[in-house]
Amino acid sequence: MKKFSFLLFLFLTSCKFSSDYTPARIEGKQLQITDSIPADESLSEFIQPYKENIDREMNQVLSYSSFDLTKRDGELNTAIGNMMADAVMELSNPVFKSRTGNSIDIVLLNHGGIRSSISKGPVTTRTAYQVMPFENEVVVAKMNGKYVRQMVHYLIDAGTAHPVSGLKLEIGKDNSIKKVLIKGQPLEDNKDYYVATNDYLLNGGDNMVFFSNASEVTDLDYKIRNLLMDYFKQQDTIAPVRDYRFIRIN
């Protein structure tokens, strides 16, 4: 044993390693994962109990939908987007108020964040994961009115049904602003507002750079997906509709 250790020592000490060594060639082979690969039965048996438990959790019925909901059913506001923004307003506001004594004025989410439609029938835990598969959390940004006005112009220029709540916006055919109301009152440039959104948008996602002007931010530690599940549990049946919160008028 001592002789082997000595020889190994001599081998290692005789090797010289260069810090600038570059491999002469790197080879690889792509392996296609298809249904033709036979399953490992022992592995399948091992994971089966876990799969069944996850399926039970994911298939738990939380509510029912009266009809199909899609994010493409309106130009500037959609039923599913309105529901999500209103859910954030309804369930986040008590948390925010208990921590700060203030109330949320506006909710702004992003159209692209709605990753799935909701089919007519049972709404399950899986539904919430499909609609919101990301780990985004609710944050509340304190914004001066002049930056909220930048947000309004962003919504108009985008021409997309980004989900909003607490905001009423009317624009003309030429995108001119006809009316901007925050909780029923005209937007004031010198007033501070509390805007609930998600952490992705707060950090400039979807080019929402106006959030960089927030004077303070409160993280509610509340994932939007979890919020949706809580919202569904409170509703025997969901039946959101398009309304007049963001419209184009003649």
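From the residues in the stretch 225-250 that are farther than 23 Å from residue 154 by Cβ and among the basic types (Lys, Arg), which one is surrounded by the most Cβ atoms within 10 Å (Cβ to Cβ)?
Checking each candidate, the answer is 225.
Which condition number in (1) touching a helix residue (DSSP H, G or I) at 6+ places or on another chain (Cβ under 6 Å); (2) in a helix (DSSP H, G or I); (3) surrounded by fewer than 17 Cβ atoms within 10 Å (Cβ to Cβ) is the one that residue 153 fails?
Going through the list (1) touching a helix residue (DSSP H, G or I) at 6+ places or on another chain (Cβ under 6 Å); (2) in a helix (DSSP H, G or I); (3) surrounded by fewer than 17 Cβ atoms within 10 Å (Cβ to Cβ), residue 153 breaks only (1).
Test residue 107 against the stated conditions and say whether it is of a type outside the set (Asp, Glu), closer than 21 Å to residue 205 by Cα and crowded, with 22+ Cβ neighbours inside 10 Å.
Criteria met by residue 107.
Restricting to the stretch 80-133, give me the number of residues that are part of a helix (DSSP H, G or I) and not hydroxyl-bearing (Ser, Thr, Tyr).
Of the residues in that region, 25 qualify.
Of these, 241, 217, 180, which one is in contact (Cβ under 8 Å) with a residue 12 or more places away in the chain, among the hydrophobic types (A, V, I, L, M, F, W, C) and assigned to a loop (DSSP other than H, G, I, E, B)?
The match here is 241.
Do we have residue 229 as part of a helix (DSSP H, G or I), in contact (Cβ under 8 Å) with a residue 40 or more places away in the chain and touching a Ser or Thr at 6+ places or on another chain (Cβ under 8 Å) here?
It is true that residue 229 is part of a helix (DSSP H, G or I), in contact (Cβ under 8 Å) with a residue 40 or more places away in the chain and touching a Ser or Thr at 6+ places or on another chain (Cβ under 8 Å).
Taking the stated definitions as given, is residue 241 within 12 Å of residue 143 (Cβ to Cβ) and either of a type outside the set (S, T, N, Q) or in contact with an Asp or Glu (Cβ under 7 Å, 6 or more places away or on another chain) (or both)?
No: the conditions fail for residue 241.
Can residue 222 be described as among the hydroxyl-bearing types (Ser, Thr, Tyr), in contact with a Ser or Thr (Cβ under 7 Å, 6 or more places away or on another chain), surrounded by fewer than 20 Cβ atoms within 10 Å (Cβ to Cβ) and modelled with pLDDT of 95 or more?
yes
If residue 179 satisfies all but one of (1) in contact with a strand residue (DSSP E or B) (Cβ under 6 Å, 6 or more places away or on another chain); (2) buried (at least 20 other Cβ atoms within 10 Å of the Cβ); (3) more than 18 Å from residue 143 (Cα to Cα), what's the number of the condition it fails?
If we test residue 179 against (1) in contact with a strand residue (DSSP E or B) (Cβ under 6 Å, 6 or more places away or on another chain); (2) buried (at least 20 other Cβ atoms within 10 Å of the Cβ); (3) more than 18 Å from residue 143 (Cα to Cα), just (2) comes out false.
Which of the residues that make up the stretch 186-210 are among the aromatic types (Phe, Trp, Tyr) and touching a Phe, Trp or Tyr at 6+ places or on another chain (Cβ under 8 Å)?
194, 200, 210 - these are the residues of the stretch 186-210 that are among the aromatic types (Phe, Trp, Tyr) and touching a Phe, Trp or Tyr at 6+ places or on another chain (Cβ under 8 Å).
The values are calculated or read from the model by the stated rules, or taken from the named source; none is laboratory data. Note that the structure is a prediction, hence the values are computed from the model and not measured. No Cβ is skipped: glycine too gets one built from the backbone with ideal geometry, and neighbour counts run over all protein chains shown.
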